[in-house]
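This report concerns only the one structure given below.
The values are calculated or read from the model by the stated rules, or taken from the named source; none is laboratory data. None of these values were measured; they are calculated from a predicted model. Virtual Cβ from ideal backbone geometry, glycine too; neighbours counted across all protein chains shown. Note: accessible area is taken over every heavy atom of the protein model, side chains too, but ligands, DNA and RNA are not part of it. Shrake-Rupley method; radii C 1.70, N 1.55, O 1.52, S 1.80 Å.
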Amino acid sequence: MAAEDLPSEFDVVILGTGLAESVVAAAFSRVGQRVLHVDRRSYYAGDWASFTFNGLLSWIQEQHVSTSLLEEGEELICLSNSDSGSIRNVQVFCFTRWITDCFVTQASQTQGEEPEADRSQSEPAKKKINYAQLVKEGRRFNIDLVSKLMYSRGSLVDLLIKSNVSRYAEFKNITRILTYRHGNVEQVPCSRADVFASRQLSVVEKRKLMRFLTSCMEETEEQRAYKGRPYLEFLSDQQLGDNLQHFLLHSIAMVTEDTPTEEGLASTRHFLHCLGRYGNTPFLFPVYGLGEIPQCFCRMCAVFGGIYCLRHSVSCLLVDKESNRCKAVIDSRGQRISCSHFVVEECYVPANQKKVATPSRFVSRAVLITDSSVLHSDSEQQVSLVTVPPIAAGCPAVRMVELCPSTMTCMPGTYLVHLTCQSVGSAYEDLSPVVTRMFRTPESHDRENCPSVLWCLYFNMADGSGVEVEGHDLPSNVYVFSGPDGGLSHERAVRQAESIFNKVLPDEDFCPPAPNPEDIIYDGDTAASTGGEDEKQEKEGAGGEEKNEEGEAGEEEKKEEGRAGEEEQKEGAGEEIHEKEGAGDLAE
């Protein structure tokens, strides 16, 4: 919508289109609130965004650059116009030319040898991807700024099903969970089928693992006795060997050695609870990247009347001094817009209005484009979660997500790899040691059989879990969201959105199911004809009632057919999570 056409009054104005802001915008709009949703950026989702390769290059360049409307009894609060503090230490490396040179050198060294037919045909095809091709095929990439997965029984999946927003997206299963151990990548047996099919575990280890996974689902006196003690100590006392302790600690619970036992067991139970709903792992990933999810909720908001403006912002709040409430906002074009509530990303709040905060925490991120998978298999369409324990004392544990072309996030012949960890130093300092061990780069040694890195990006991003969202010196009807955190799930963002919605509208349902398109009644059209039919039925008496009953039966039959059609939608990898009644049955 053109900014000059904006109405002058809304119930809620929301600044920023991150996941939490988009969810709460959809929730407000769904229950009839008038919503204005703006973002000064030219794209949706903020720090949750997904970019094409060319779009990411533009984003990288941006990181290197960095009151006559007042009425009586009002004061002015100017908002920050920069979120550059959330991204730091951006470093980019391109190795496509180095890989080509390596291939030429290897070819020259083998000139005197008899060439193998298969090798001479396949090797050049594997090595020929260059930077120009990455740019040319840039639209095939969808590269996330944030690396997260969706637990199949997590709050985000439940919300997508409940609200019917799942109809706007498609999802793929994470097909395998891997771990890096003793210099090798191994597959983690996490389901019953995986355990019994594993060649890494002995028969005794398989029995011990199945017995432990079964026993830990319910809390026992023995478990309570370890409260406050390290989870690793608890695992060790269960007579589990090093193999099983490694898998349980790093790849199933995904916690550190110092994590208390009660937290480790809770993480293990959550992992096991999510198994089997949509596949053999607990996780889903949205096709086209995580940036799709905020856009799906924005679409729902727009369907119910929300107004969107990108490249548009709010510069000031107009606050009533007596009530300490925001009465209106002034947008970036100088228009005064009245509102009852204002929701804003934390990065927009000026420093002098913030509560004295704890030192900022950061997450280290790396994005790699590689030419093959970290663990070869019969299928080239594997979507993998890889856990990398600390490679040395003082180093952080690293989480890696490897995406194949079928996720629509990278071009054919490449893989997109996301690495994430809590920051100790810069992203390059934290993650490059892992990259050089697991991939082939100019800094690697003896890594001829590892995937080659074609291009990589390192950056630090502010960790939203360390940001205070309450207690700021702000009006009582202004609500603040923090950015993405460093965790694997989306629980925090969904909780924030629901919490703020309940503060504003405590008596309303949060994101109730949206009606199916055929059930929507449009003002002035169907409503008028319905009224006419009712009047006609009153005049015709019993004959009219009988006719109406037949019509209702026909409508019910059509709806049942529609539900049956939805039931036949594809399941497993690549399935959509459907919004139909009984969506939980789909999981079983």
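Here are the numbers for the structure shown:
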| quantity | calculated |
| --- | --- |
| Spin-label model distance (nm) - PHE212 vs THR52, 7 Å beyond Cα toward Cβ | 4.8 nm |
| Solvent-accessible heavy-atom area per residue, rounded to whole Å², over the range 191-274 at 1.4 Å | 54 Å² |
| Stokes-Einstein diffusion coefficient of the range 191-274, Kirkwood radius over Cα pairs, 37 °C, 0.692 mPa s, in µm²/s | 256 µm²/s |
| FRET efficiency, HIS182 to GLN223 (Cβ-Cβ, R0 22 Å, nearest 0.05) | 0.15 |
| Share of carbon and sulfur in the accessible heavy-atom surface of the range 157-222 [1.4 Å probe, %] | 50 percent |
| Spacing of the two label points (7 Å from each Cα toward its C-beta) at ARG199 and ARG140, in nm | 3.2 nm |
| Two-site label geometry, SER465 and ALA392: point separation in nm, points 7 Å out along Cα→Cβ | 2.6 nm |
| Protection proxy ranking, peptides 143-151, 190-198, 260-268, average beta carbon neighbours within 10 Å, highest first | 143-151, 260-268, 190-198 |
| Of LYS355/LYS503; LYS148/LYS503; LYS321/LYS354, those spanning more than 25 Å from alpha-carbon to alpha-carbon | LYS148/LYS503 |
